[in-house]
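One structure is given below, encoded as structure tokens.
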Amino acid sequence: MGETLKKLLKDKRIYFMLLLTIAIVWFFYEMIKYQVLPTKMLIVVVIVLLTIAVLLGLSQYKAQSNKIRLTGKAFIIVISIILLLINIAYTRTVDLFSSLQAGEDTDIVSVIVKTGSSYQYIEDLKGHVYSALKNSDDYVYQTVDEIEELNDETIDLKYYAGIDYIVDALYDEDVDCIIINEAYRSIIEDSYETFTDDTRVIYSKTFTVEVENSKTDKDVTQDTFSIYISGIDTYGTISTKSRSDVNMIVTINPTTKQILMTSIPRDYYIPFNVLDGSRDKLTHSGLYSVSETVTNVENYFDIDIDYYVRVNFTSLVDIVDAIGGIEVDNPTAFGDFAEGTIHLDGEESLAFSRERYAFASGDRERGKNQMRVLTGIINKITSVSVLRNYADLLDSLESSFQTSLSEDEMLSLIRMQLDDMASWSIETISVDGTGDTLNSPIYGSNLYMMIPDDNTVATAKEKIMALYE
């Protein structure tokens with residue numbers, strides 16, 4: 001028995017076959033555990049791999065020619081390496097789907113003083129005048145509680161109705177500091193361009209809250225569903241709350257292969273849940289969370305939105321670059337963008353999506369351009385050519401966006417597309433309205449708003465519901 005084992009271990013062929021076996025078994029394990037390939041395609045792959053394994057085994061144990069045995073060993077090494085690389089990429093893909101699910105929201109609350117003040121530490125503010133917004137969130141009050149404990153004092157907050165009032169109070173030295181969620185900074189800098197230079201943060205606290213994914217009973221490969229696309233106006237960490245500058249309902253009918261994109265202007269003046277029904281511009285809802293944005297749109301349009309995807313500036317640039325750029329049909333030349341079909345890289349796609357001042361219709365045309373960019377991305381990622389940039393695409397997707405779609409739902413959609421490689425019919429529409437200057441409860445003063453045109457809202461709802469029939 002011992003001599004037989006020694007003889008077996010000296011046979012190099014067994015190590016080659018062991019390498020091939022490990023690669024194939026791992027491949028089968030991954031494919032069955034997280035099935036992306038359609039069943040019929042998986043069966044074909046299994047048959048092909050088993051046939052190759054048998055033929056390579058015969059080349060090692062039945063062939064009389066050394067040349068055939070050497071060639072077989074070379075094929076074993078090559079095929080094993082390919083399978084191992086596929087396994088690594090596949091495992092990484094599945095892990096990525098898990099990381100893309102909306103895991104957390106991040107809020108940062110800061111205590112801000114004027115740059116020229118003598119305050120250096122939070123202890124220096126003991127006994128001084130603190131201020132906060134009337135509609136402050138719980139995180140602001142939790143921060144106040146912590147400061148009270150640190151300084152052993154009871155803080156009597158001075159409240160202000162909006163951004164303009166509280167910033168003016170700090171500049172005029174009516175208060176010594178403001179306590180505010182950093183989500184508001186982008187709004188402040190719209191009116192106070194030098195705010196960051198004029199002020200200092202002397203204390204901050206970060207709050208991270210786990211976010212639950214949407215719970216639906218939809219079969220995304222059979223049932224029509226709607227996804228809300230929220231594009232926030234920041235770079236970097238996707239979990240940070242910020243204004244929702246891109247607002248789009250994407251309704252998908254997987255049976256008829258139809259996609260309807262409905263663009264909503266960022267300035268749409270609609271009721272807010274957190275403001276007890278008072279109206280403000282839609283973009284401000286992102287300051288409270290993507291869930292607030294979705295809830296407000298659901299209520300106003302009287303529709304159900306099943307999932308959401310949240311992206312930021314970094315997301316768009318990275319994804320477009322990762323897939324090798326996109327083709328976009330541009331109906332009107334503007335800036336550096338010619339009329340006709342144009343190729344855009346990541347930075348160009350972002351610039352194309354953000355421009356509004358070049359158009360007489362302003363934000364309306366910007367919304368249409370955002371849908372043109374999204375159409376270009378969909379067309380690219382549903383084509384075979386995306387495989388050439390697959391590794392780069394995976395890199396770009398990590399931390400690039402959040403979605404409430406589950407891992408299983410994302411895998412099901414990919415499996416469906418691989419199964420039929422169908423082309424999709426994409427329609428784009430926009431809701432419209434009339435511009436006016438109205439009060440923003442969040443801002444605390446009058447701002448440009450777009451009063452919704454009820455007829456366009458009704459038409460959009462009708463088109464959305466038609467895909468559910």
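The values are calculated or read from the model by the stated rules, or taken from the named source; none is laboratory data. From a predicted model like this one, the values you see are computed outputs, not experimental measurements. A quick note on method: Cβ atoms are made from the backbone with ideal geometry, for glycine too, and the neighbour counts reach across all protein chains shown. Accessible surface areas use protein heavy atoms only, side chains included; no ligands, DNA or RNA. Shrake-Rupley method; radii C 1.70, N 1.55, O 1.52, S 1.80 Å.
Brief remarks follow.
- Criterion (surrounded by fewer than 17 Cβ atoms within 10 Å (Cβ to Cβ) and either under 21 Å from the mean Cα position of the chain (by Cα) or touching a residue at least 40 places away in the same chain (Cβ under 8 Å) (or both)) met by exactly one of T375, T382: T382
- Spans of strands (runs of 3 or more DSSP E) in the range 227-299 with at least 2 residues of a type outside the set (A, V, I, L, M) and touching a Ser or Thr at 6+ places or on another chain (Cβ under 6 Å): 244-253, 258-263
- The condition of being on the phi < 0 side of the Ramachandran plot and in a helix (DSSP H, G or I) holds for only one of D190, D174, D223, D156, that being D190.
- The range 324-369, residues that are loosely packed, with under 15 Cβ neighbours inside 10 Å, outside any helix (DSSP H, G or I) and charged (D, E, K, R): E327, D329, D336, E339, D345
- Scan of the range 178-206 for residues that are open to solvent by less than 20 Å² (accessible area, probe 1.4 Å) and closer than 25 Å to H128 by Cα, ordered by number: I178, I179, I180, N181, A183, Y184, I188, F195, T199
- Scoring E149 on the criteria (1) exposed (fewer than 13 other Cβ atoms within 10 Å of the Cβ); (2) at pLDDT below 90; (3) assigned to a helix (DSSP H, G or I) leaves a single failure, condition (2).
- Top-ranked residue in the range 71-120 [being in a strand (DSSP E or B) and open to solvent by 10 Å² or more (accessible area, probe 1.4 Å); ranked as farthest from S412 (Cα to Cα)]: K114
- Test: residue in the range 121-128 that is under 34 Å from the mean Cα position of the chain (by Cα) and either surrounded by 15 or more Cβ atoms within 10 Å (Cβ to Cβ) or hydroxyl-bearing (S, T, Y) (or both): no
- None of S98, S110, S118 is touching a strand residue (DSSP E or B) at 6+ places or on another chain (Cβ under 9 Å) and not hydrophobic (A, V, I, L, M, F, W, C) except S110.
- Contact map, the range 93-112: residues that are polar (S, T, N, Q) paired with residues that are part of a strand (DSSP E or B) and modelled with pLDDT under 80, Cβ distance under 9 Å, separation 6+ or inter-chain. Pairs shown: T106/V209; T106/T240.
- Residue within the range 295-310 that is of a type in the set (S, T, N, Q), without any contact (Cβ under 8 Å) to a residue 40 or more places away in the chain and surrounded by 17 or more Cβ atoms within 10 Å (Cβ to Cβ) present: yes
- Of all residues in the range 274-291, those that are open to solvent by 10 Å² or more (accessible area, probe 1.4 Å), touching a Phe, Trp or Tyr at 6+ places or on another chain (Cβ under 7 Å) and farther than 16 Å from V457 by Cβ total 2.
- Selection count where residues are open to solvent by 70 Å² or more (accessible area, probe 1.4 Å), part of a helix (DSSP H, G or I), free of Cβ contacts under 8 Å to residues at least 12 places away in the same chain and more than 17 Å from R364 (Cα to Cα), scope the range 444-465: 1
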